[in-house]
Amino acid sequence: MSATILDGKELGRTIEKDLISRIDNLKKLGISPHLAVVIVGDDPASHVYVRNKEMACNRCGITSTRIDMSSKVTEIEILEIVKKLNLDDSIHGILVQSPLPSDIDESLIIDAISPNKDVDGFHKMNLGSLVQGNTSGLLPCTPAGIMKMLEMSGYQTSGKNALVIGRSRIVGMPISLLLAQRGIDSTVTISHSRTKNLPNICLQADLIIAAIGSADFVKPEWIKPGAMVIDVGINRISDSTRKSGYRLTGDVDPNAANIAGWISPVPGGVGPMTIAMLMSNTVLATEQSLR
Ligand code: GUN
């Protein structure tokens, strides 16, 4: 039996379409949601992601401004740009694309963004709010997109054994909190690079969130038949048969689709959901700026 494929592109477009009426209401009040994206350096993958975010803004009618900075930029120069964007009332959302050059303290930059404009949901105040059980604010986009994907596919999370592979600040930790929250009620296990016996732990899981950043890491024989498998990985593998010279693959071996009940593809799964949630956060930040 083959798994049902969770089409993140289609689900993401549905979320974007649902935002249009809220954006129209804001425009009737003379306010156009406006996202500022800061990109530092010339990492090709980051440039692709930022272009995808700009295209999503175009589709939704959200204004976007892109600020390109050299990889030689200093922490102070980035902080100055963030400060300027914080003070600009016409900007409702600020995103600093990660990764930053290794000599820049990323947490320092993120925590300098006004929490009200932190559409990535990475600011310590927004993450702290989530830890306190408040899920109505600016949530990190990938975890929020995964939760939407589960909801839109009709998957019942209550009482399920959920295994999160990876403990990152951006995905692993926040998705663990979201899955364990009251009303979602999954029993969550967080695993990481030091976890022993991962294949056996995986086999117990009804729901797997693979966010470890290692190509084809989760093997088909680790999957419980019929499980829900969400693949968060986007790994670039060199492929000379492609014009680009690479192909994208996830953290889950694609043959897992023969065992799982549902699986999110890479590309076209969690990626478009993340972007749709960024659009949603930008609209929410704009609406909240009126209060
Ligand atoms: N780099 C990869 N994913 C993300 C994301 O969701 N937000 C930011 N700011 N940078 C990223």
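Some values worked out for this structure:
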{"quantity": "20 Å Cα-Cα reach of Lys72 towards aspartates and glutamates, excluding residues that sit fewer than 8 places from it in its own chain", "calculated": "Asp42, Asp43, Glu80, Asp103, Asp105, Glu106"}
{"quantity": "For the chain: accessible area per residue (Å², 1.4 Å)", "calculated": "48 Å²"}
{"quantity": "Highest-MSF residue in the chain out of Gly12, Gly61, Gly250 [GNM, Cα springs under 10 Å]", "calculated": "Gly61"}
{"quantity": "Portion, in percent, of the accessible area of the chain that falls on carbon or sulfur, probe 1.4 Å", "calculated": "52 percent"}
{"quantity": "Dimensions (Å) - the chain, Cα atoms, principal axes, largest first", "calculated": "52, 43, 34"}
{"quantity": "Probe 1.4 Å, all protein chains present, accessible-area order of Arg236, Arg51, largest first", "calculated": "Arg51, Arg236"}
{"quantity": "Number of Lys pairs (Cα under 19 Å; 8 or more positions apart or on different chains) in the range 80-200", "calculated": "4"}
{"quantity": "Computed accessible area, Thr135, all protein chains, 1.4 angstrom probe, square angstrom", "calculated": "50 Å²"}
{"quantity": "Sites Leu29 and Leu108, calculated FRET efficiency, Cβ-Cβ separation with R0 41 Å, nearest 0.05", "calculated": "0.75"}
{"quantity": "Neighbourhood net charge (11 Å Cβ-Cβ; Lys/Arg +1, Asp/Glu -1) for Thr74", "calculated": "-3"}
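The values are calculated or read from the model by the stated rules, or taken from the named source; none is laboratory data. Fair warning: this is a prediction, and the values are worked out from it, not measured in the lab. Glycine gets a Cβ as well: all are built from the backbone with ideal geometry, and neighbour counts include every protein chain shown. Heavy atoms of the whole protein, side chains included, go into the accessibility calculation; ligands, DNA and RNA do not. Shrake-Rupley method; radii C 1.70, N 1.55, O 1.52, S 1.80 Å.
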